[in-house]
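**Student:** Could you have a look at this structure, given as C-alpha cells, before my questions?
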Amino acid sequence: MKKKSKFELIYLTLVMIVLYFPIFYLIYFSFSSGDSMSYFESFTFDHYQALLNDPRLIRIVLDTILLALLASLFATMIGTLGALYIHQVKKKSVRNSLLSLNNILLVSPDVIIGASFLILFTFAGFSLGFYSVLLSHIAFCVPIVVLMILPKLKEINPTLIDAAYDLGASKYKVLSAIILPLITPGILSGFFMALTYSLDDFAVTFFLTGQGFTTLSVEIFSRARRGISLEINALSTLMFLFSLLLVIGYYFLSRYNQNRKINNQKKKVTK
Amino acid sequence: MATIIEMKNVSKRYDDGFEALTNLNLKIESGKFYSILGPSGSGKTTVLRIIAGFSDITSGALYFDNQNITDMPANQRKVNTVFQDYALFPHLNVFDNIAFGLKLKKRPKEEIKEKVANALEKVRLPQHSDREISELSGGQKQRIAIARAIVNEPKVLLLDESLSALDKKLRKDMQYQLRRLQKDLGITFVFVTHDQEEALALSDEIFIMNEGKIIQNGTATDIYDEPVNRFVAEFIGESNIVDGVMKVDYSVEFVGKTFECADAGMQQNEPVHVVLRPEDLDITLVDEGKLTVTIVSQMFLGNHFEVNAVDEDGNQWLIHATNSVSVGQKVGVYFDPEDIHVMRIGESQVDFHNRIEEYGE
Amino acid sequence: MKLRKNLFMLPYLFWLLLFVILPLILIVVQSLIGTDGQLTLANFVSFFTSGTYLSMTVNSFIYALIVTVITLVISYPVAYILTKLKHSQFFLLLIILPTWINVLLKAYAFIGLFSQSGWINQFLGIFGIGPTQLLFTDFAFIFVASYIEIPFMILPIFNSLKTINGEYIHAANDLGATRFQTFTKVIWPLSLDGVKSGIQSIFIPTLSLFMITRLIGGNRVITLGTAIEQHFLTTMNWGMGSTIGVILMIIMIASMKLTNGSK
C-alpha cells in the first residue's frame, strides 16, 4: 500500500497543476498593463491602484465582510442554542426529525433557498436589501453551526455533568462553567464555517439583494458578465493571498495542537 | 453512632421496565467505611447514584441526617462523589478542578487557596496544583478526584468503583491511602466495588448486593465466616460448596459420610449447602484425615500452595496448603466441626439471624 | 423550569419555523398558483407536457451525470494516492485551498482562458488547430463545473480511504489476493460511503448551477437552476419557477434516497 509509483506522482502533480492553473493565470494577468487575459504586455501595479481608488468596490468589500461577520455571529448564537436543544432531546425519533429539518438548508440547492426566501420576504412584505440578505445568510449558516457543535456535545462525558452537580453547580453554572468551555472548539469552527459560507455565497444573495445593496460575489458576477477587467484579477490575487494566509495559519495551529498532544503522551511514558 | 443515610423501601425501575432496585432498605452510620459489593448489574452503582442525587427513585424514601431528601437535587446535597472515570474537568487545571465547588460557594480567594493546598496535602500531591489534567497519571487523577470531593467537607464521600481503573500495585497503595484518609477525616465513606478482596480489606461494614437486593450485610469477618447463602459464599473468597443433608442438630451428612458440625435449628433430613473454606482444610496422613483425596494439581501462589484434589466419589476439593505435595499422591484431609458451615437453601439474612439467636453457637 | 427550557430553545425553533418550514410551504403553495393567481395544477401540467421543459430536465440531468462521473474518475485516484503520501494532510489542504477562492473568480478565469485569443486557443494554435469557439459550449460548461467540484469529491473519498485499517490490506495480501483483487474486494467497498457522499455533494448542486451556465455556458446550456433563476428574476413567472423548484427538490430527495438506500 505504501509503495508510490512514478506514474502516481505524475498524475497527482498534473491534477494539482490543473487545480491551480486558473488561479495563477488570474494572478499573472493582474500585473499586465493590457486589458485582456491573452497577452501579457508589461508589468504594472496599475490594476491594484485602480482597485484601491475604487470607493464603490472598497465599500462592497467592507459590506461583504460586515455582512459575513454579523451573519456568522448571529448564526453561531442561534446554532449553539439549537445544538444544546437537539442534544438534550431524549427521544430518538424526535431528535432525528429535528436533525433532518436542521439539514434541509444544508442540502438544498442555493437556487431553491434563494427562490423560497424571495417568496418568503415578499409574502412578509419585507423590502429587499441589506437586512433581507443578512437574515438569509443567518438562516443558511445556522445548520452548519449546529452540525459543528453537536459532536462536541456528544463527546462530553456525562459524568462530568454529574460531577459538576455533585460539587454544587446550578443548571446555569453547569452550562457556563462546563459545557460551554468544552464545546468552544466546536463553536469556533462553526463560526468559521459560517463565515466562509457567507463570504462564498452568491446564489442566495443574488436573489435577495434588490437595489442598492450588493456583495462581492454579486459584483464579480455582474462585472464578469460585462467581460474582462483586470481589476478583478487584482482583486482575486488579494483574495487568494488572504485565503492562503488563513490556511497556513490553520495548518500550523493544527500541527501545534497535534505536537502538544504527542508531547503530553511522551511525558506520560517517561514518568 | 448516629444514622446519617437511610433508604426506606426504595425501588428503582427504569423507563424500559428494568427493575434496578427492589424494596431496598439500608442504614449508614456516620464515621464508618462502608462498601457496597456486588457483581455488575447488581444495582450497587444505582444505590450510589440515588444517594448522590443523579437518579430519582420510583418509590420509597431517602433520608439524610433524619431529613427526607428524596426530591432534593444533587447540587444541594451534602455528599460528594469520586467517579469511576474520575470526571475531572479537562479544561481546568488541578487547582481549578479542586476549587470548583468552593468557587461556586463564593468563598474568599485566600480561603480557597488554603483549602485546596490542604486537600492536595491530604492526598499527598502538594506540588501538583498547576498541572493540567492531561499531564496526570491514572493514580494521580484518582487522588485529585478525591481531593476535589473532600475539599467541600461533605459528611459522606461516595466512591464509585474508584480503584478499578488502576493497576494492581497502585490499587493496593490507594486502598491503604483511602483507609487512612477516612480515619483522618472521620467522615463516612461509601465505596462501591465488585472486588471482594478490596471490600474485605477496607470496610468497617459491607453490603452485598445481587439483582437489586441486599443479600447480606455485616463486618468483613461476619460475612466471610457466616455467608447466608451459596451466592455470598461463592462471591466472597474461595470455597468448596457441596450438597448435604442435615441429619439432626449438630450432625450433617455430605459426600456419603456424616460429620459433627456446629449448626443447628433445621429440620431433620433437610437438604442443605455445605461450605468448607480452602484455608480451613489441612492435609494430613490418610488415616488421620476425615476425607481421603488424590492430588490432581498444585500451584505455588507465594504464601501458600493451591491444591486441587478429588475424593473417592469424584468431588473436587480446593485446599490451601503450607507445604508442597506431589501430584497423584493420596492424602487425608482434616477439618474441625466449626469449619463446616451449613447453609439452608433460600434462607434470608433475617431468618438466619433469628435461627442463630434461638440456638446459639 | 419547563418554561426556562422553552425560552432557551426559542430562537432555534423560531429559525426552524420561519426559515425552514415556512419557505418550504411557500414554495410548494407558489408552485400551485397559476398566472391568474388561482390554485391550479396548471404549472405541473405544462411542465410535463412541454417538450422544452422536459428536454431541459433531461439535458440538465445528463450534464450533471457527466460532471459527476468525470469528477469521480479523476478524484478517486487522487484521493487514493494522497493516502499514501507522508504529509497527506498538507497535500489535502493544497487540494482544498482552491475551494476557498470564490467560485465566480474561478469561472471568470476560464472566461479568459477559453476566449478566442485565450491561452487554450493559443496552445491549440501551435498544432494548427485553430481558434475555435470554446466559451459558451457544452464542453466549457462541463469542464468548468468538473473543475470546481473536484475537491469536493476528493475530500470525502480521502476521508473514507484513510479510515481503512492498513491491516485489512495486509490481511487481503496474506490471504492471497492480488493487488487488483485487494482493490475490488476490500478497498473499493470500504470507501463506498465516501464515494456516495461525494456524489451527493456534486450531483444536485450541478443540476442547480446557474452562475456558471450564465458565465461559461452562455444562455445555451439551460440547467434546472438557470430555469428557476430565469423564471424568478427575468420573466417573473414565480409559479412556474416554484414548480421547477419543487421538481428539483423531488429529484434531490430521490437521488439521496437512492445513494443512501443501497448501503
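Each value in this text was obtained by applying a stated rule to the coordinates, not by laboratory testing. Since we're looking at a predicted model, the values are computed, not measured. Using ideal geometry, Cβ is built from the backbone for each residue, glycine included, and neighbour counts are taken over all protein chains shown.
**Student:** Residue by residue, what Karplus-based ³J(HN,Hα) values in Hz, rounded to whole numbers, does segment A:21-27 have, using 6.51, -1.76 and 1.60 with θ = phi - 60° and x for Gly and Pro?
**Tutor:** Couplings: 3, x, 5, 5, 4, 4, 5 Hz.
**Student:** In chain B, what % of DSSP beta bridges are antiparallel (nearest 5)?
**Tutor:** Working: 59 of 77 bridges.
Percentage antiparallel, nearest 5: 75.
**Student:** Let me ask something else about it. Please compute the Kirkwood hydrodynamic radius over segment B:1-94, one decimal place, Å, based on all pairs of different Cα atoms.
**Tutor:** Working: mean 1/r = 0.0692 Å⁻¹.
Averaging 1/r across every pair of different Cα atoms and inverting gives 14.4 Å.
**Student:** Going by alpha carbons, how many degrees (0 to 90, nearest 10) lie between the helix axis of A:110-123 and the longest principal axis of chain A?
**Tutor:** Tilt relative to chain A: about 80 degrees.
**Student:** Give me the Debye-computed log₁₀ of I(q)/I(0) at q = 0.09, 0.10, 0.11 Å⁻¹ for chain B, equal point scatterers on Cα only, no solvent, two decimals.
**Tutor:** Log-scaled intensity ratios, in q order: -0.63, -0.74, -0.85.
**Student:** Still on this model: When Cβ neighbours within 10 Å are restricted to other protein chains, what is their mean count per residue of peptide A:20-31?
**Tutor:** On the way: counts 4, 4, 13, 6, 1, 6, 8, 1, 1, 3, 0, 0.
Mean partner-chain Cβ count within 10 Å for A:20-31: 4.
**Student:** Quick one: which of B:135-148, B:275-288, A:50-63 comes out on top by average Cβ neighbours within 10 Å, and what's the full order, highest first?
**Tutor:** Working: B:135-148: 21.7, B:275-288: 16.9, A:50-63: 13.8.
For the peptides B:135-148, B:275-288, A:50-63, the packing ranking is B:135-148, B:275-288, A:50-63.
**Student:** State the three equivalent ellipsoid semi-axes of chain C, derived from the C-alpha gyration tensor as the square roots of 5 times its eigenvalues, in descending order and whole Å.
**Tutor:** On the way: eigenvalues 271, 185, 70 Å².
Ellipsoid half-lengths, sorted descending, are 37, 30, 19 Å.
**Student:** Shifting gears a bit: So how long is each side of the protein assembly as shown along the principal axes, counting just the alpha-carbon atoms, biggest first, in Å?
**Tutor:** 116, 65, 61
**Student:** Quantify how much of the Cα-Cα distance distribution of segment A:60-143 extends past 21 Å, in percent.
**Tutor:** 40
**Student:** Where does segment C:129-185 land on the Kirkwood hydrodynamic radius, alpha-carbon pairs, in angstrom? Don't skip to the answer; put the middle values down first.
**Tutor:** On the way: mean 1/r = 0.0673 Å⁻¹.
Value: 14.9 Å, from the Cα pair sum.
**Student:** Would you kindly calculate the mean projected area, averaged across all directions, of the convex hull enclosing the Cα atoms of segment B:282-334, in square nanometres? Don't jump to the answer; show the numbers that get you there.
**Tutor:** Working: hull surface 12.5 nm².
Convex hull of Cα atoms, orientation-averaged projection: 3.1 nm².
**Student:** Still on this model: Partner chain Cβ atoms within 10 Å, averaged over the residues of C:230-243 - can you pull that number for me? Please report the intermediate quantities before stating the final value.
**Tutor:** Values: counts 0, 1, 6, 5, 0, 0, 0, 0, 4, 0, 0, 4, 4, 0.
Mean inter-chain Cβ contacts per residue within 10 Å come to 2.
**Student:** Work out the FRET efficiency for B:Asn323 and B:Glu358 from their Cβ-Cβ distance, taking R0 = 35 Å, and round it to the nearest 0.05.
**Tutor:** 0.25
**Student:** Could you order the peptides A:227-238, C:100-111, C:155-166 from most to least packed, using the average number of other C-beta atoms within 10 Å per residue? Don't skip to the end; give the middle numbers.
**Tutor:** Values: A:227-238: 20.8, C:100-111: 22.7, C:155-166: 18.0.
Order by mean packing, descending: C:100-111, A:227-238, C:155-166.
**Student:** Follow-up question, since we're still on this one. Are there DSSP H segments in chain C that both extend 18 Å or more along their axis (alpha-carbon positions) and score a mean Kyte-Doolittle hydropathy of at least 1.0? List them, or say none. Mind showing how you got there, number by number?
**Tutor:** Numbers: long enough: C:2-15 (20 Å, 0.22); C:51-84 (50 Å, 1.37); C:138-162 (35 Å, 1.33); C:188-208 (30 Å, 0.58); C:238-261 (33 Å, 1.28).
Helices meeting the span and hydropathy rule in chain C are C:51-84, C:138-162, C:238-261.
**Student:** Considering only the protein assembly as shown, what is the antiparallel percent among its DSSP beta bridges, to the nearest 5? Numbers along the way, then the final one.
**Tutor:** On the way: 61 of 79 bridges.
That works out to approximately 75 percent antiparallel.
**Student:** What number do you get for segment C:19-65 when its Cα radius of gyration is normalised by 2.2 N^0.38 Å, N = residues?
**Tutor:** Ratio of Rg to 2.2 N^0.38 Å for segment C:19-65: 1.42.
**Student:** Follow-up. Could you tell me what fraction of 2.2 N^0.38 Å the Cα radius of gyration of segment A:36-179 comes to, as a two-decimal ratio? Walk me through the numbers before you get to the answer.
**Tutor:** Details: Rg = 22.4 Å, N = 144, 2.2 N^0.38 = 14.5 Å.
So segment A:36-179 has a normalised radius of gyration of 1.54.
**Student:** If each of C:Phe123 and C:Ile253 carries a label point 7 Å out from its Cα toward its Cβ, how far apart are those two points in nm?
**Tutor:** So the label points at C:Phe123 and C:Ile253 sit 4.4 nm apart.
**Student:** Using a cut-off of 13 Å between beta-carbons, work out the net charge of the residues near B:Lys32 (Lys and Arg +1, Asp and Glu -1, B:Lys32 not included).
**Tutor:** Values: positive: B:Lys27, B:Lys155, B:Arg179, B:Lys183; negative: B:Glu29, B:Asp204, B:Glu205.
Local charge sum for B:Lys32: +1.
**Student:** Say the cut-off is 29 Å between C-alpha atoms; which of B:Lys105/B:Lys169; B:Lys32/B:Lys141; A:Lys154/C:Lys162; A:Lys92/C:Lys185; A:Lys171/B:Lys141; B:Lys106/B:Lys213 go over it?
**Tutor:** Numbers: B:Lys105/B:Lys169 37 Å; B:Lys32/B:Lys141 25 Å; A:Lys154/C:Lys162 23 Å; A:Lys92/C:Lys185 35 Å; A:Lys171/B:Lys141 25 Å; B:Lys106/B:Lys213 41 Å.
Result: B:Lys105/B:Lys169; A:Lys92/C:Lys185; B:Lys106/B:Lys213 exceed 29 Å.
**Student:** Next question, about the same structure. Scaled to the compact-protein estimate 2.2 N^0.38 Å, what is the alpha-carbon radius of gyration of chain A, rounded to two decimal places? Walk me through the numbers on the way to the answer.
**Tutor:** On the way: Rg = 23.7 Å, N = 271, 2.2 N^0.38 = 18.5 Å.
Taking N as the residue count of chain A, the ratio is 1.28.
**Student:** Principal axis lengths of segment B:153-206 from Cα atoms, whole Å, largest first?
**Tutor:** 29, 19, 17
**Student:** A further question follows. Per-residue mean of other chain beta-carbon atoms within 10 angstrom of the beta-carbon, peptide B:84-93?
**Tutor:** 5
**Student:** Would you please calculate the Kirkwood hydrodynamic radius of segment C:1-92 over all C-alpha pairs and express it in Å, rounded to one decimal? Could the numbers behind the result be given before it?
**Tutor:** Numbers: mean 1/r = 0.0532 Å⁻¹.
Evaluated over segment C:1-92, this radius sits at 18.8 Å.
**Student:** So, one more: Under 4 °C and 1.567 mPa s, how fast does segment B:181-270 diffuse according to Stokes-Einstein, given a Kirkwood radius computed over C-alpha pairs? Answer in µm²/s, whole number.
**Tutor:** 84
**Student:** Please sort through the DSSP H helices of chain B and keep those with an alpha-carbon extent of at least 15 Å along the long axis and a Kyte-Doolittle average not below 0.5. It would help to have the intermediate numbers written out before the result.
**Tutor:** Working: long enough: B:94-104 (16 Å, 1.13); B:109-122 (20 Å, -1.21); B:138-150 (18 Å, -0.14); B:168-185 (25 Å, -1.71); B:349-359 (16 Å, -1.36).
Within chain B the helices that satisfy the rule are B:94-104.
**Student:** Go ahead and estimate [θ] at 222 nm for the protein assembly as shown from helices alone: -39,500 (n - 2.57) per DSSP H run with n ≥ 4, summed, over the residue count, rounded to 500.
**Tutor:** Details: 34 runs with 492 residues, N = 895.
So the helix-based figure for the protein assembly as shown works out to -18000 deg cm²/dmol.
**Student:** Still on this structure, please answer the following. In whole Å and largest first, what semi-axes does the C-alpha gyration tensor of segment A:109-227 yield when each eigenvalue is scaled by 5 and square-rooted? Walk me through the numbers on the way to the answer.
**Tutor:** Values: eigenvalues 322, 48, 24 Å².
Value: 40, 15, 11 Å, ordered largest first.
**Student:** If you don't mind, another one. Under a crude label model (7 Å from the Cα following the beta-carbon direction), how far is B:Tyr63 from A:Phe252 in nanometres?
**Tutor:** Going from the B:Tyr63 label point to the A:Phe252 one covers 6.7 nm.
**Student:** When the C-alpha atoms of segment B:176-230 are aligned to their principal axes, what extent does each axis show, in angstrom, from largest down?
**Tutor:** Principal axes ranked by extent give 36, 24, 17 Å for the Cα atoms.
**Student:** Still on this structure, please answer the following. How many angstrom lie between the C-alpha centres of segment C:63-118 and segment A:107-134?
**Tutor:** Spelled out, the Cα-based centre of one part sits 31 Å from the other.
**Student:** Further question on the same structure: Normalise the Debye intensity by I(0) for segment C:86-162, one equal point scatterer per Cα, no solvent, then take log10 at q = 0.12 Å⁻¹ and round to two decimals.
**Tutor:** -0.47
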